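The values are calculated or read from the model by the stated rules, or taken from the named source; none is laboratory data. In this text the structure is predicted, and so the values were computed from the model without any measurement. FYI the Cβ positions are ideal-geometry reconstructions off the backbone, even for glycines, and counts take in every protein chain you see. In case anyone asks, the SASA skips ligands and DNA or RNA and just uses the protein heavy atoms, side chains included. Shrake-Rupley method; radii C 1.70, N 1.55, O 1.52, S 1.80 Å.
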Amino acid sequence: MGNEILKVNRLSKLFGPGAEQGIQLLEQGYTKERLAKEKNIMVGVNRVSLSINEGEIFVIMGLSGSGKSTLVRMLNRLIEPTSGEVLIHGQDLRKMNKSQLREVRRKTISMVFQKFALFPHRTVLENVEYGLEVQKVNKAERREKAQKSLELVGLKSWEHVLPDQLSGGMQQRVGLARALANDPEILLMDEAFSALDPLIRRDMQDELLELQEKMKKTIVFITHDLDEALRIGDRIALMKDGELVQIGTPEEMLTQPADRYVERFIEDVDLSKVLTASRVMRRPETVTLDRGPRVALQLMRERGISNLFVIDRAKRLLGVITAEDASQALKTGASLRDILIEDGPKVPPETLLNELFEVTSSAKVPLAVVDEQERLLGVIVRGAVLGALAGEVDNKEVSEHGLHS
Amino acid sequence: MDFIPKLPLADWIEAIVDWMATNLEGLFDGISDVIEAVVGFFSGLFLLPHPLLFIVIIGILAYLVGKWRLTLFTVIGFLLIDNLGYWQETMNTLGLVITSGLISIVFGIPIGIWSAYSKTAHRIISPLLDFMQTMPAFVYLLPAVTFFSLGVVPGVIASVIFAIPPTIRLTYLGIKQVSGELAEAADAFGSTSWQKLIKVELPLAMPTMMAGINQTIMLSLSMVVIASMIGAQGIGATVYRAVTQLKIGQGFEAGLAVVVLAIVLDRFTQNLFKSNKGRG
């Protein structure tokens, strides 16, 4: 991951009279309940600290009322924080005056809204142009940038239509195009896909990931939907009652939940859509081509397995041999090269388990996991996939294998 | 309640009015001159062309804002007014209405915006508007006469006071109705307050504001008729004269002219807003 671009330091938002004083009381150990009861102060976000890296999709997840929308609005000061710091490239947003803040909003941070928030009196193109228009970019230039942005989200031919005439999914594409037209470094997406129906939502998620491949923006994505968080997040921060419960990669959230709350949150997750091949692969047994069938057979016998992967010196996968073929070769005097099966199935390590089912069930030989250079990383046997889904993931063993391969 | 003497409220008000009349005379004279000039300009403008030419022009305008039904009504209605012999009076009244309507809009919209932006302003303005709208309209006529003497000007002033509240209220409402997310979006993309107002809030508040302006114009018409009691020229004066002289037929004719004018003004302002919306 890249450098840190956005850092949040003990950021809080309290609502009610004497909110400033409420922070001190919190520091002194008042609970939120006591603050609410005695001082009539509500805690929206409670001393949250996090650090977001350049180019990552950082998901902030939580149920409604968890403070996630308040948190994201403090990142561009649509809501004024009560205390704490928001550092963008090390610059504290809270210390900026109005015009500095405006510059940041114009150049560095854009936002996509839950209910799209498109201006109904402006055409699609005029909506997308808005951010450039307020910067007084000249007409030709902003038109060109807006058109490019619309093209990016696949709405080129809809320029002159009013937003009302578009479907929800298309409207949100306009929202996305509007946010991208300024070419910001950071994109805040507040429940951006929550108002869409599930199928469209899925498409939009895919498209966002695809766009992200090209653009490499830093995206802060707010959602209440765990599946969405797991699908698109590089890292996820789970919030509850204004506090951060856990930050981690999707896999870490699932396999090492910090507490009961996270566990309950993830209970119903379909693991096959989250866990990847690298999570369930085992250390592969290998042999190089210069060995004979006798060595190969010996190895298989020792390990109690019936296949062996053949690799070259650079660990690149050449193919696989079976015990049956090897003992045959021993009789006929054939070499390993003669019995090598080169078209065995192989997948990249980030393949999801639900995609593995098909491959493993139809293959006669075990599944090889290879990286982009065709180097062998691991092997997946059919039982391992089912085992992982049943929750038998041994973290230590897997990470060890990851290192060795 | 006898142990509390009656508050001399009436005396106080009169004292204030007297003080203002003597000390702010220059100001009132200035205002008076401006208003008189504006009313004179509009009345003169409307009376400049021959009535038939005027009817053709207004017919074309009616067609532009409201298609042929409004055109038909406008043309027939104005021909009737001309035929009955109330053309000049009606045009004078139209001049008064347009003047007080314009003044109401010019002051009402900024005040409405101000009260939408400032809670304090709203808290002060809102009860003031209640007061202005519920106070019997005749009451405004007297201080208006004190400050501006008899004639057209106090009539316009009284109509403005009476008619400005809907414009203020509905401008306020229109801006307040702009959804929070849209205002947030305007902010999030780095708009200045002015850009947010001009590019987002006012265009979205427009339909509501136009409803307010429509109300303002209707109210100022009704007030302008009443203002004839203090010497404002126009069709109201004819009605008033007819009433005092018990000329029922003439009163009805002049009243009909007011009705025609009212309906035309109402449909014009309503349709203006509709065609605005259609254009997006």
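What pairs in A:216/A:315; A:39/A:240; A:107/A:145 have C-alpha atoms more than 24 Å from each other? Please list the in-between numbers first.
Values: A:216/A:315 31 Å; A:39/A:240 22 Å; A:107/A:145 14 Å.
In this structure, A:216/A:315 exceed 24 Å between Cα atoms.
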Legend entry - Using distinct alpha-carbon pairs, which all enter the 1/r mean, Kirkwood radius of the protein assembly as shown in Å: 31.9
Legend entry - Over chain A: helical MRE at 222 nm, DSSP H runs n ≥ 4 each giving -39500 (n - 2.57), nearest 500: -11000 deg cm²/dmol
Legend entry - Rg/Rh ratio calculated on Cα atoms of chain A (Kirkwood radius): 1.09
Legend entry - residue A:203 accessible area, assembled protein chains, probe 1.4 Å, Å²: 80
Legend entry - HN-Hα J in Hz across the stretch A:90-105 - Karplus 6.51, -1.76, 1.60, θ = phi - 60°, x for Gly and Pro: x, 8, 7, 4, 6, 8, 7, 7, 4, 6, 5, 4, 4, 4, 4, 5
Inset, instruction - At 1.4 Å probe size, with every protein chain present, just tell me what the per residue accessible area of the protein assembly as shown comes to in Å². - result: 49
Legend entry - Most to least packed among A:126-136, B:28-38, B:144-154, A:372-382 [average Cβ atoms within 10 Å]: A:126-136, B:144-154, A:372-382, B:28-38
Legend entry - Principal axes of the stretch A:1-154: Cα extent on each, largest first, Å: 57, 37, 31
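Report relative contact order for the stretch B:9-279 in percent, whole number only (criteria: Cα-Cα under 8 Å, sequence separation at least 6).
Details: 325 pairs, mean separation 64.9, N = 271.
Across the stretch B:9-279, relative contact order equals 24 percent.
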Inset, instruction - Could you order B:162, B:131, B:189 so the one with the most accessible surface comes first? Probe is 1.4 Å. - result: B:131, B:162, B:189
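Counting only protein heavy atoms and using a 1.4 Å probe, what share of the accessible area of the stretch A:335-393 belongs to carbon plus sulfur, as a whole percent?
Values: 1640 of 3290 Å².
Solvent-exposed carbon and sulfur of the stretch A:335-393 make up 50 percent of the total.
Assuming a ≥ b ≥ c are the square roots of the Cα gyration tensor eigenvalues, decide whether the stretch A:154-283 counts as rounded (a/c under 1.5), prolate (otherwise, with a/b larger than b/c) or oblate.
Numbers: a/c = 2.09, a/b = 1.87, b/c = 1.11.
Prolate, because a/c is 1.5 or more and a/b exceeds b/c.
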Inset, instruction - Could you calculate the contour length gain from residue B:48 to residue B:123, that is, 0.36 nm times the residue separation minus the distance between their Cα atoms, to one decimal place in nm? - result: 22.4 nm
Legend entry - DSSP bridge orientation in the stretch A:277-401 - percent antiparallel, rounded to nearest 5: 70
Legend entry - Hydrodynamic radius (Kirkwood) for the stretch B:9-279, which is based on Cα pairs only, to one decimal in Å: 20.1
Legend entry - the stretch B:1-101: radius of gyration over Cα atoms, expressed as a fraction of 2.2 N^0.38 Å: 1.76
Inset, instruction - Take every Cα-Cα distance within the stretch B:87-154, group them into 10 Å bins from 0 onward, and report for each bin the whole-number percent of pairs it holds. - result: 17, 35, 35, 11, 1
Inset, instruction - Would you mind putting A:258-267, A:150-159 in packing order, based on average other-beta-carbon counts within 10 Å, highest first? - result: A:150-159, A:258-267
Inset, instruction - Provide the packing ranking of A:42-49, B:57-64, i.e. peptides ordered by the mean count of other C-beta atoms within 10 Å per residue, highest first. - result: A:42-49, B:57-64
Legend entry - Antiparallel DSSP beta bridges within the protein assembly as shown, percent to nearest 5: 60
Legend entry - Protein accessible area in the stretch B:224-267, 1.4 Å probe - carbon and sulfur %: 68
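What is the mean number of Cβ atoms from other protein chains located within 10 Å of the Cβ atom of each residue in peptide A:112-119, rounded to a whole number? Could the numbers behind the result be given before it?
Details: counts 2, 5, 1, 4, 3, 9, 3, 8.
Per residue, the average neighbour count from other chains is 4.
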Inset, instruction - Give me a single rounded figure for A:122-133: the average over its residues of other chain Cβ atoms within 10 Å of their Cβ. - result: 2
Legend entry - Taking N as its residue count, the alpha carbon Rg of the stretch A:277-401 over 2.2 N^0.38 Å: 1.06
